[in-house]
Amino acid sequence: MPNGEDKPGNLELELGSEVGSRLKLQRGQQVLFRSGDPPEARVLRAEWIADLLENSGKTFLVPIRISNAVIHGKLVLKHCLFQFDFVVTDSHFLDEVDLSSSSFQREFSFERSRFGRNVRFTNVETRWDFNINEAEFSDNTECRAMNVGKAIQARGTRFCRIDFEGTVVQGDAAFISSPTGRPATFSSNTTFISSWVHGQADFSSAQFNAEAHFDLMRVDGGVFFRRDEFRDAVGSAPAPCPTGDFSPVRFLGEATFVDAHFSAQADFTGVQFASSASFDGMVVEGDAHFGKDDAAGPTMFDAEARFPSVVISGQANFIGAVFKGRALFRQARVAEETLFGDAIFHQASEFDHFRFDGPAYFRSRTNGLPARFEATVGFRGAEFHSAAHFDGICFCGGVSFDGARFGSDADFRQSTFGSDFVFTGVSAARDLCFQKAVFKGKASFRETSCRALFFRDHLLPQIGDGADPQFYSDLDLIGLCYERIYVAWGELLDKLEPFDEHPYQQLERSLRGSGDDASAGEVYVRQRKRALGLYWADWRRKWGRAVCDSGYYVLARFGVRPVRLFVIGIILLCTSAWIFSLPGAVTPKHDFGALPRRLVWIEGLGVAINLFLPVEVSIGAAWRPSDGPIPITWMKIGSVPLTFAFWATMLRLAGWVIVPLGLATVTGILRRQSKT
């Protein structure tokens, strides 16, 4: 007679009778109740299972197979050895179950069974699968420090409080939906702290209704918290879902993955985090996906999302993710692409000292939608070792890239900075691109260096008529160094605050380097005029410098294209030549033996030149101005007419000022040109 079959006509072994059930257990036959019978007809007492240990120590020498039973009494089988199958399916345990520290050498299953009270599987060791598919645990379940020889099968299983701390699974751990579409559900606190799964850990479509802790968890294969797809009951091949789309994974309580280590990809696509989520120190050796699910929508962080010191060896995908609370990515590191296109940050976010080893995209490469930062964001000390794409982004709050490093181009084209923009101490190995970017708050590029700085595609003196300005508030460029700059430099200079000579000098050098000496000169004049205004604002302490620079500007325009200086000199000389050609204007010097006479205009010009130059020259040296009055009615001081000697004195004083200024202007231009 095959093991587990009833002998026809043997009433003693009739299914449902207590005697028959006990005899079947003792003989290792399957105890099978009809599922349609009332509970009182399907009673099986826990002590009957314990009685199988009689005369065998702690070793079960027969298989245990029970189905559709209602098991009364506590089932306490600690430190036992089960050499054969232990399979209890579709049954209901009314009291506590404790199999702590037991070892199961063959099949170990509670598929579709229900547990009404506490369950303890602490330190249980299995050589095969641990099968709890579609089981229901109504109270606390302790699975700490289990050693599962193959896989954990928990499809559609419902847990109350569950603790897998320190559990080791040699194969896969599947907490996915059942073939009928029922998701694995964790109604109370869930713990997988320090657990180790040597295969894949799949929590697709699982529902976590309270806190869930995966701290220090290690998974050698992939980790999946994505929306599930229908799978057959045997393998993992996908098939059409009979009940429609599955739900995304939801964490209604706090979710923590602190210092977890995943050796392959980690997929959190479309997950809903209703409370805080902490991934501090998590290591993912493959790709990490926190992007948008085409059917269920984006990954949602309704509270604070923490990713400090996260290390991702593959791609980090946050496309379309929504961060309603703070987002913290301090000291994170991504080896390949980092994708934040179409992501929305509602609260403050921090990427301080984030290391982007691959390209960083904050604009989606598929639909072109940029990320949006609705509050402050910091990239202080961040390192971008490849291209950084921030083009088209709207930064509604303050932005700080203080101390950031860019190993390649940084693209901020068409971005909008709605508040203060801090770009201080930044080092860029290549170009910084801000074409069509708009700075509505203060912007600081203090002590930043780059190869080329683009605010526009071309270098212009001013923005065009009717064009919108690029800078709406103060612009700090102190210490900014670049080889080339493309900007409407007139608009830029209008916004420089605080004043410092360096931004003007840097722009002047760049313009001269591009061959635009005229614009470079205008920049120099604007620098001197700005400084002159500050001298007069503090005139009590700087009146001397204010007066001198004012004279230098009036006479020589600070030495830049000083046309007025030469015009003034020519006018003085021509006027003086006319005055000295008047009757009685000059008298001969005794040493030259000339006779008194009226000079012609050209001789008067010689006298004027001799007086005007600070050094003695031979032209006009034979004559000196007389002390007689100038016979012109309007050349008076009050009622006293001016004398020729007085005019000569004024001409000489003017020459002492204008001639050195002219020489200084020429040598100054040569000096500035030599620097370029």
Within segment 280-302, tally of residues that are of a type in the set (A, V, I, L, M), crowded, with 19+ Cβ neighbours inside 10 Å and in a loop (DSSP other than H, G, I, E, B): 2
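Sort out which residues of segment 35-57 are small (G, A, S), in contact (Cβ under 8 Å) with a residue 12 or more places away in the chain and open to solvent by 30 Å² or more (accessible area, probe 1.4 Å), and write them in order of number. Walk me through it before giving the result.
Going residue by residue through segment 35-57, those that are small (G, A, S) are 35-36, 41, 46, 50, 56-57.
Still in the running and in contact (Cβ under 8 Å) with a residue 12 or more places away in the chain: 35, 41, 46, 50.
Within segment 35-57, S35, A41, A50 meet the criteria.
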Quickly run through segment 286-299 and pick out the residues that are without any contact (Cβ under 8 Å) to a residue 40 or more places away in the chain and either among the polar types (S, T, N, Q) or over 22 Å from G222 (Cβ atoms) (or both). T299
Kindly indicate whether any position in segment 520-536 is modelled with pLDDT of 85 or more, of a type in the set (A, V, I, L, M, F, W, C) and open to solvent by 70 Å² or more (accessible area, probe 1.4 Å). yes
Residue check: is Q462 under 25 Å from A343 (Cα atoms) and open to solvent by 30 Å² or more (accessible area, probe 1.4 Å)? no
Residue list for segment 348-400, filter: assigned to a loop (DSSP other than H, G, I, E, B) and β-branched (V, I, T): T366, T376, I393
Open to solvent by less than 20 Å² (accessible area, probe 1.4 Å), closer than 21 Å to F251 by Cα and not hydroxyl-bearing (S, T, Y): is that true of A151 in this structure? no
Matching residues in segment 1-34 - criterion: being assigned to a helix (DSSP H, G or I), at pLDDT 85 or above and buried (at least 17 other Cβ atoms within 10 Å of the Cβ): G20, S21, R22, K24, L25
Let me confirm something: among F60, F82, F104, F108, which residue is modelled with pLDDT under 95 and open to solvent by less than 30 Å² (accessible area, probe 1.4 Å)? F60
Selected residue [over 11 Å from L459 (Cα atoms), open to solvent by less than 50 Å² (accessible area, probe 1.4 Å), of a type in the set (D, E) and in contact with a strand residue (DSSP E or B) (Cβ under 9 Å, 6 or more places away or on another chain)] from E491, E508: E491
Residue under question is S419, and the condition is that it be part of a loop (DSSP other than H, G, I, E, B), within 19 Å of R372 (Cα to Cα) and of a type outside the set (A, V, I, L, M); does it hold? yes
Residue under evaluation E374, criteria (1) farther than 20 Å from G479 by Cα; (2) open to solvent by less than 40 Å² (accessible area, probe 1.4 Å), criterion not met: (2)
Within segment 511-531, the count of residues that are within 15 Å of L459 (Cβ to Cβ) and basic (K, R) comes to 1
Select from segment 244-279 the residues that are open to solvent by 30 Å² or more (accessible area, probe 1.4 Å) and among the charged types (D, E, K, R) and write down the one among them that is modelled with the lowest pLDDT. D245
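Is it true that R540 is in contact with a Phe, Trp or Tyr (Cβ under 6 Å, 6 or more places away or on another chain), at pLDDT 80 or above, part of a helix (DSSP H, G or I) and open to solvent by 30 Å² or more (accessible area, probe 1.4 Å)?
Numbers: in contact with a Phe, Trp or Tyr (Cβ under 6 Å, 6 or more places away or on another chain): no; at pLDDT 80 or above: yes; part of a helix (DSSP H, G or I): yes; open to solvent by 30 Å² or more (accessible area, probe 1.4 Å): yes.
No, not satisfied.
The values are calculated or read from the model by the stated rules, or taken from the named source; none is laboratory data. Computed from a prediction, not measured in an experiment: that's the story for all the values here. We place every Cβ from the backbone using ideal geometry, glycine too, and count neighbours over all the protein chains shown. Just so you know, the surface numbers come from the protein's heavy atoms only, side chains and all, with ligands and any DNA or RNA stripped out. Shrake-Rupley method; radii C 1.70, N 1.55, O 1.52, S 1.80 Å.
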